[in-house]
Structure formats: C-alpha cells, structure tokens
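Please read the structure below before turning to the comments.
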Amino acid sequence: MACVGVIETNTTFCPSDPSMTDMSTGLMTGHCYCTSLLEMGSLLICLHQMNYYDDAMVKHLSKACSRSHPNITVDGQFFDAVYDNALNYAITPAPDMDPTLTCSTPIRVRAEPVRIYYQSYYNRFSNFTLTLNLGAGFIALFTAYMIVSGMSNWALIIFPGLIKKTNGPRVQKLRALFSLSATFKKDRTVPMKLGGYLFGYIPTRLETIVITFLWLYMIFACSFRFRHVRGNPMWNMKMGEIGRQVVDRSGVLALFVYPFMILFAGRNNILVYVTRWNYSRFNTYHRHMSRIFFTLSLTHSVGMVIASFGISSTTYRYRMSQAYILWGLFGTVFAGFILIQSMLILRRRSYELFLAVHIFFAIIVLVSVHCHIDSLGYGGFTWTVMGLWVLDRVIRLYRISRFGIQTATVAIISGDTLKVTVPKPANWGGKPGQYAFVSFIMPSCFWQSHPFTMITENDKLISFTILIKGGVTHGVFKHISSMPGRVANIKVAIEGPYGFSSPTQTYSQSLLLASGNGIPGLYDHAMMSSKSGAHHSVKLIWIIRDYLSITWMQEEMSKLRRTKVETVIYVTRPIDSPEYIEDFSSSNTLTSTLRGSIVSDSSAESIDSYYLGSESDAGTTYSVERDTEKKEDIYPYPEPVLSRAERARRQLPHVCFKEGRPDIDALVKEEIEQANGSLAVVTCGIANMVDSVRYALVNNLDKSLHRVDYFEELQTWA
Ligand SMILES: Cc1cc2nc3c(=O)[nH]c(=O)nc-3n(C[C@H](O)[C@H](O)[C@H](O)COP(=O)(O)OP(=O)(O)OC[C@H]3O[C@@H](n4cnc5c(N)ncnc54)[C@H](O)[C@@H]3O)c2cc1C
C-alpha cells in the first residue's frame, strides 16, 4: 500500500475511478497494479528497493492479481519477469511532472515518501489490531466475571455444605460490603426519582462496581495510543488523523458490545444457566451495555466529523453521499431514540407501547448497522446478533407449544385480584418462585404476554394470583365482570417456566417474607419446604393492608394448616377492612363476591400502597375504591354478623395475626439472632419492604454464627 500510494501520487496508470477510492482518505485502493503491467512493474521495483518483497508478498500479490490475468499463472516467476522487464524501462519522475497525466513507462519512487506512507498506513491499520484485541478483552473480562459469579451461585446448589462453612467474619464483611448491599443505603427495587419524576433503578453495589468498570474500560480503550505521523499524506492535520483513529476504535468496539446488548435482553439467554442470574440483573446489564453502545456509536459519528477536517470538499461530498455512511448516521440517531423511549417514566406509563416501539426501533438499528458495516467486513456481527435474537424467539415458541393452548378458569377474587387456574401438561416443571408469561387469547390482547409467579396447585394444575392493574389485567377483569358468578373460561398460552427457584431446602431454616401480591412464590416455597426433611423449619410472614386481602390466598392459607410452616400475617390497616355478611368459610376463591370497584384515576394512590399503607412506587394508574362513605352504594349488604378480623382468626387458627406495620429491621434482626442453623431469607412483594429486608439483612449479617443467605424474588425491569 505504501509503494502503491507513492506511485499513484506521482503519476497515473489507470483512469480515475471513485469506486476504487478509499472514502476516508481519497486515495486509490483498487488493484490498478494488477491490471496495468506498467504499475505492477513500478510496484515490484519499489518492493525490491524497500526490501518488502518476500514469499508472503508474492502470495499476497498472486491472490490479488490472479483474477486480472485469468489465462496465466500469477506466481513468483511471473512477477520476476515483470520486474526484470520494468527495470529496463523505468524512469524517475521529475519533481514537476504532472501526476494526472497517464504515464507510458514504469517509474522508480524515492524511499523517503514510501517510508512515510508505510508509517501512516501502519498507524492506521495497527489501530484496528489493537481495537480487536481490546474488544476481545472486553468480552473476555465480562465472561470471566460471569463465570466467577456463576460458580459462586451454582456452589449454593452443588456444594451447600461448603458454602454454609464459608461464613467467617471476613466473608461476612465482604458480602455485606459488596455482594449483598444496595449501591447506596437502601434503594434497589424502589426506583430513584429526579425532580419528583421516576428516573431509574439503582443496581446493587456489586452491579454498580461492574458497570463502572465496563464504562472505565471503554473510556480507557478509546483514549490511548493515538498518534499523528508527521507528513502523513492522507491526513496532513493532526486532528484529522487522530479523529479517524478514534472513529475506527469506537466504531469497532461498539460492535463488541452489540451481541451482549441483544443477548441480555432475551428471555432465553443461554448465559442464565452459566450465571444463575435472574432476568432483572441481565436487564440491568442490557441497559448499561446499550448506553455504552450508543456512546461509542456517537463517538464514532462525531469523530467522523472531526476526521473530515483537512480533507477536500469533493472527497467530503463523495463520502457523505455513500449509502453506508448514511446508514451509520441513521442507526446512531435511532439508537439515541431508543435510549429516550426506554426511560423508566415512559416504560411505566405504558409498558406495551414501550415494548412495541422498542422492538421496532431495535430492528431499524439492526438493519442500519448491518448496512453500515457489511461492506467493511464486519457483517459477522450482525449475523451473530440476529442469530441470538431469532433463537430467543424460536425457544419462546417452543416453550409455548410445549404447554399448549389451555383453557384457564379465571375468577375475580376480592375485587382487585384475579385467580387464574390452568391445567398443566404432565411433564411440565415449575418450582416455587418461578414465573411464566401468560397471554390471554382474547381479541383485545392475545399478542401480549405478561409475567406472573405461579403456584403449583397439584400435578395437574398451576395457578396465578394476579393483581388488576391498568392494561391486560384490567381488560380481563372487565370481561369477567359481566359474566355470571364473575368466573370465565379463557384460552391462555403459557410460556415458561422462567427463573430459578431459591434453594431454601438446603438451609436449616427459611424465613419467607412477602408483602401484598408477592405472596404466591413464597407460599409455594412454604408448601414445598413443609414437604421436605423434618429438620427444615419454615416461617412465612405475609404483610397485607387489610383482612380483605386474605381472600386472594384463602384456600392456600388454609392448606398450610396441617404443615410445619409457622405463618404470621401482619395486617397494617385493620380498621380499613370492609365488612360483609358473606361467610368467610365458604369464600371459595373461584366464587368470592366482588367487593370493590376498579376506578380509573391516575392521581390515585396505587393499589400496592394499600398493602403496607405506605407511599407506593408501583406507578399503576388504577386503584380500588374503598371510600367508606360510598360503601353503602357499592355493598348493599346488611351489617356483618362477625367482623372480618374475627372470621379470619376463626378460619385460619394456625395463622398468627398481628395488627400494625412490622418493624422490618427488628424482625429480620430477631430472626437472624435466633437462627440456630443456616438461614435462607427469601423476599418478594412491595419494593419498599423488599429493600428494607435487604438492608436489615446486610446490617445484621454478623448477628448469627451461621450462614445467612438472601434471595430476592421481586424482579424489576418495568
Ligand atoms: C417476574 C415477575 C413476576 C410477577 N408476578 C406477579 C404475580 O404473581 N402477580 C401479579 O399480580 N403481578 C405479578 N407481576 C407483575 C405483573 O407482571 C404486572 O402487574 C402485569 O404485567 C401488569 O399487566 P397490565 O397490562 O395490566 O399492566 P399495565 O397497567 O399496563 O402496567 C402496570 C405496570 O405493570 C408492569 N408491567 C406491565 N407489563 C409488564 C411486562 N410485560 N413485564 C413486566 N412488567 C410489566 C409495569 O411496571 C407497569 O408500569 C410480576 C412481574 C414480574 C416481573
């Protein structure tokens, strides 16, 4: 390239052809030396003179020029003949020779400009080698982190005994400091607000450290070994040359982030099985990988503008008319749109709209990036990314087909909750805490699939307890409200099971802490643990707002009666419990009377807040109307015979009822202090409570001589 560069700036052997011009430099890159024996002769003289002619060079030239000479063998002998012939006729061009005139004899070039060309090209292309190594390093380091994290998570399952023994003060301190804590004080599942608006989730401390490292790695990777070669014939301005190197570095590095970004967004990401991370954690990394991808793409685009300093206006115009450049710009702009449209405040406003727009924009970015990189030889990245995406969709279809379309019995229980009971195929798994995506096959919403934690009722049935919110759940609620008995059969598609079950049975004790509708998974854990070894003790604590909420899990709570599970229910606002004459004992969950009315009111306190009587973060736009003044209109029943609290206590004598809000910190501390063996603390429910449990556990980890592990089953990505 150095020899050709100097030869072609000194004279002309082939007519000018823009398609053979390097868009970034304006220099000929086509193989004119193959088609013109005069240029080939000049090139061979230069190669010999500079000691660049060796076996590798012969191989390279043969490969490049064979097509131009289909009837002869283009090998060392051929080049020797051309070289010998050229030596006989070669001239050294005069300094004032017009380089645009077509030359009819081979030329000799001076060594010094060839050396400068060589350094200039070397400077540019060694940057790619370095970039590929940095990209591979990024993947290698993140993979190493996933493997280490996966090993420690799998060790909990494979070597539970060993893990229980690793509980020295130093280990406890490290766990409290890094792996268990929220980044700052408490907030992890409660989203951060800025200026009163939802801003985003703060990852755990360990995740924050990893994310910070990812950013630092990429900032560092884009910041070193940029040089300007003095006299560079392609970029006479330092800024232009360095700009171009930044462009190449950031653009190629973005491609290394690209597969992670897509893989981490999929439900069927194979790395789940390597790491045992939940979807929420992958989603956190997906978001940060996407931000890094966009920042690198933006740097790539801005750098391109800076790299244009010093190039001719013709070359600039030519460059900007190239389709691949325009696709690149288009892709960067849409990647920016995606970042804006996926802000938490918009995700919360309408998750389904967010998802549809997100996928549509992602396809635009995918196509744009492909059209931008394919001609540059990076098409493999697109096929990798598309492969991952398509594979995820295929596995999703497979999961749905395995379950089959089933007829679910859907009933309204307690006014704000649906109970969905579905027959399951015999060989279909499902462990406590796992969830499945449910699609209600109704004209208004069959394309949507929403995650719900399932309860394994028996070998043949699973069920979901679904809080009515403002989208699909409200649509189903409206549909069933008009049905006799407020029960309906609806066809459903179930995709799952997803997620890992917390390994509670490997501990001496489990403390299961649920609030509100976080109960299904923890109830399932309690039931499963109660059937396991006699040495495992289980305490289930459920925090609800009023006695009315018990009806969601009426049957399930009754089933705990003859088990070893110690059940405590905290009712935070007992006096708000509406009263009915309906017999609590006969309140079969499928036929319970609707006792609330759903009202649309975006300013209303959210449903979730009722469970704890605290300010909610759930962002739902519907609330259950419980205004006692209006109760007469809604519930035209005579006065109750027994208070709801009284009936609850009679019907669930095995449950310890406590009224008022529990002090989570004191509660967790007490359980840890009293633990006489390893303890698994599992929590799910209202974000505030879940964060409080994590915080309390971190602060009291050293209060027990035994290993205490924390399993959070609340997942936050929407
Ligand atoms: C792993 C997991 C398990 C869950 N288990 C249960 C459960 O057992 N019972 C229960 O009542 N709820 C559960 N949820 C919450 C449930 O998925 C949402 O309440 C439901 O999707 C709301 O549907 P909608 O169309 O009526 O909501 P909308 O009114 O449209 O949205 C209300 C809120 O629900 C969330 N949401 C909506 N769609 C999705 C989605 N596709 N994925 C994730 N979040 C979404 C968003 O935060 C949104 O702001 C679970 C969520 C997750 C992530």
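When each of the peptides 61-70, 116-125 is scored by the mean number of other C-beta atoms lying within 10 Å of its residues, the order from highest to lowest reads 116-125, 61-70.
Rounded to the nearest 10 degrees, the inclination of helix 664-674 to the longest alpha-carbon principal axis of the chain is 80 degrees. From helices alone, the chain scores -15000 deg cm²/dmol at 222 nm; the rule is -39500 (n - 2.57) for each run of n ≥ 4 DSSP H residues, then divide by the residue total. Each of MET442 and PHE360 was given a label point 7 Å from its Cα along the Cα-to-Cβ line. The distance between the two points is 2.4 nm. Computed from point charges on the beta carbon alone (+1 for Lys and Arg, -1 for Asp and Glu), the dipole magnitude for the range 119-397 about its Cα centre is near 980 Debye. In the frame of its principal axes, the range 448-505 has Cα extents of 43, 24, 19 Å, reported largest first.
Quick one: dipole size for the chain, taken about the Cα centre, charges +1 on Lys/Arg Cβ and -1 on Asp/Glu Cβ, in debye to the nearest 20.
Here the chain has a charge dipole of around 1220 debye.
Once Rg and the Kirkwood radius are both taken over the C-alpha atoms of the range 292-413, their ratio Rg/Rh works out to 1.15. Rounded to the nearest 10 degrees, the angle from helix 55-65 to the longest Cα principal axis of the chain is 90 degrees. Under the simplified labelling scheme, the SER312-LEU37 pair shows an inter-label distance of 3.1 nm, with each label point 7 Å from Cα along Cα→Cβ. In the range 1-109, one over the average inverse separation of all distinct C-alpha pairs is 14.1 Å, which is the Kirkwood hydrodynamic radius. Shown for THR212, THR11: other C-beta atoms within 10 Å of each C-beta, ranked fewest to most, produce the order THR212, THR11.
The angle between the Cα long axis of helix 37-49 and the longest principal axis of the Cα atoms of the chain comes to about 80 degrees, rounded to the nearest 10. Less than 5 angstrom separates the built amide H of TYR201 from those of MET192, all sequence-distant by 5 or more or on a different chain. Fully extending the segment from SER643 to SER126, taken as 0.36 nm per residue of separation minus the present Cα-Cα distance, adds 178.1 nm.
When peptides 541-552, 418-429 are ranked by their average number of other Cβ atoms within 10 Å per residue, the highest-first order is 541-552, 418-429.
Placing a pseudo-label 7 Å from each Cα along the Cα-to-Cβ vector at LEU162 and VAL487 gives an inter-label distance of 5.2 nm.
Were the residues from LYS460 through PHE657 laid out at 0.36 nm apart, the gain over their Cα-Cα distance would be 67.7 nm. In the chain, a dipole from Cβ-located charges (positive for Lys and Arg, negative for Asp and Glu) runs towards its positive end, and of VAL148, PHE184, VAL247 it is VAL148 whose Cα lies farthest in that direction.
When every Cα-Cα distance of the range 474-540 is counted in 10 angstrom steps from zero, the calculated P(r) takes the values 17, 31, 26, 20, 7 percent. By the Cα gyration tensor, the range 119-397 has an equivalent ellipsoid whose semi-axes, rounded to whole angstrom, run 38, 23, 19 from largest to smallest.
When all alpha carbon pairs of the chain are counted in 20 Å bins from zero, the resulting P(r) reads 15, 38, 24, 15, 7, 1 %.
Legend: residue pairs LYS424/LYS559; LYS186/LYS703; LYS164/LYS460; LYS431/LYS564; LYS173/LYS531; LYS460/LYS491, Cα-Cα distance threshold 27 Å; pairs beyond threshold, LYS164/LYS460; LYS173/LYS531.
Across the chain, the mean sequence separation of Cα contacts (distance under 8 Å, 6 or more residues apart), normalised by length, yields a relative contact order of 12 percent.
Stokes-Einstein at 37 °C, 0.692 mPa s, Kirkwood radius from Cα pairs: D for the range 339-489 in µm² s⁻¹? Roughly 182 µm²/s, to the nearest whole number. Return the FRET efficiency for the residue pair MET151, ASN51: r is the Cβ-Cβ distance, R0 is 51 Å, and the value is rounded to the nearest 0.05. Calculated transfer efficiency: 0.45.
A dipole drawn for the chain from +1 and -1 charges on Cβ atoms has a positive end, and of ASN427, THR332, HIS358 the residue lying farthest that way is ASN427. Estimated from the Cβ-Cβ distance and a Förster radius of 22 angstrom, the FRET efficiency linking VAL367 and ILE395 is about 0.45. With Cα atoms defining each centre, the range 243-265 and the range 91-156 are spaced 17 Å apart in the structure. If a cysteine in the chain has no other Cys Cβ under 4.7 Å from its own Cβ, put it on the list, ordered by number. Unpaired cysteines in the chain: CYS103, CYS222, CYS371, CYS445, CYS656, CYS684. The separation of the range 444-487 from the range 269-339, counted between C-alpha centres, amounts to 40 Å.
log10 I(q)/I(0), Debye, Cα-only the range 407-474, no solvent, q = 0.24 Å⁻¹? So the normalised log intensities are -1.17. Using the Cβ-Cβ distance between ASP75 and ILE270 with R0 set to 60 Å, the FRET efficiency works out to roughly 0.80.
Read the figures in this text as sums done on the coordinates, not as results from a lab. Source: prediction; values computed, not measured. FYI the Cβ positions are ideal-geometry reconstructions off the backbone, even for glycines, and counts take in every protein chain you see.
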